[in-house]
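Following: one structure in structure tokens, then a few remarks.
The values are calculated or read from the model by the stated rules, or taken from the named source; none is laboratory data. Everything quoted here is computed from the prediction, not taken from an experiment. Just so you know, the surface numbers come from the protein's heavy atoms only, side chains and all, with ligands and any DNA or RNA stripped out. Shrake-Rupley method; radii C 1.70, N 1.55, O 1.52, S 1.80 Å.
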Amino acid sequence: MSDATSTSVSTHILDTSRGRPAAEVGVQLFVRQGDGQAAWAAHGASQTDADGRCKDFPALPEGTTHVRLVFETEPYFVDKHSVEQHSSNSRSEREAAEQQDAPRVRDSAPGSFFPEVTIVFAVDPGEHYHVPLLLNPFGYSVYRGS
């Protein structure tokens, strides 16, 4: 991935609504140099593996000061939603779902509230940045991991 003097980034996604890693989510990596006023430059793209991880981004160019990760979440939720809808055909499951106090329209709509998640963070030379995303259809949280 990188040598000891380069700056590197990795990420993973946990779908907290399912308690499982989010596999096959596209993630794009952009970099910016200088004081934060420079234009963003595309620097890499990946897709989460079966464990929800992206470990194959290229090392960041020298002089990088900011990183932007763009997680393509809508295709993931559309796919998971359609799979779960088809597997939820029993009468007791439907009745339980109808008794939820959340609106049925919201729960049956395809897609997600966040079609993408964009995270921007500052970097220092020679550091590794692991940025986990905790994701569900109606919210997310992110932090600097180790």
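Could you sort Arg68, Arg144 by accessible area so the largest value comes first, with the probe set to 1.4 Å?
Accessible-area ranking of Arg68, Arg144, largest first: Arg144, Arg68.
Amide H contacts under 5 Å for Val123: His66, Val67, restricted to partners 5 or more places along the chain or on a different chain, H placed in the peptide plane at 1.01 Å from N.
Accessible area of Phe113 (1.4 Å probe, protein heavy atoms only, ligands and nucleic acids ignored): about 140 Å². Per-residue Karplus couplings for the range 7-23, computed as 6.51 cos²θ - 1.76 cosθ + 1.60 with θ equal to phi - 60°, are listed in order as 9, 9, 9, 9, 8, 8, 10, 10, 7, 6, 6, 10, x, 9, x, 9, 8 Hz, Gly and Pro entered as x. Measuring only protein heavy atoms, the 1.4 Å probe finds Thr16 accessible over about 70 Å².
Residue-wise HN-Hα couplings along the range 138-146, as the Karplus relation 6.51 cos²θ - 1.76 cosθ + 1.60 with θ = phi - 60° gives them from phi, are 10, x, 7, 9, 9, 7, 8, x, 10 Hz; Gly and Pro carry x.
The heavy atoms of His128 present about 70 square angstrom of accessible area, all protein chains included, probe 1.4 Å. Computed on protein heavy atoms with a 1.4 Å probe, the accessible areas place Lys55, Lys80 in the order Lys55, Lys80, largest first. In order along the range 67-78, the Karplus-derived 3J(HN,Hα) couplings, from 6.51 cos²θ - 1.76 cosθ + 1.60 at θ = phi - 60°, round to 10, 10, 10, 10, 9, 8, 7, 4, x, 4, 5, 4 Hz, and Gly and Pro are given as x. Proximity of backbone amide H atoms, modeled 1.01 Å from N, is registered between Tyr129 and Ser8, Val9, Ser10 at under 5 Å, excluding neighbours fewer than 5 places apart on the same chain.
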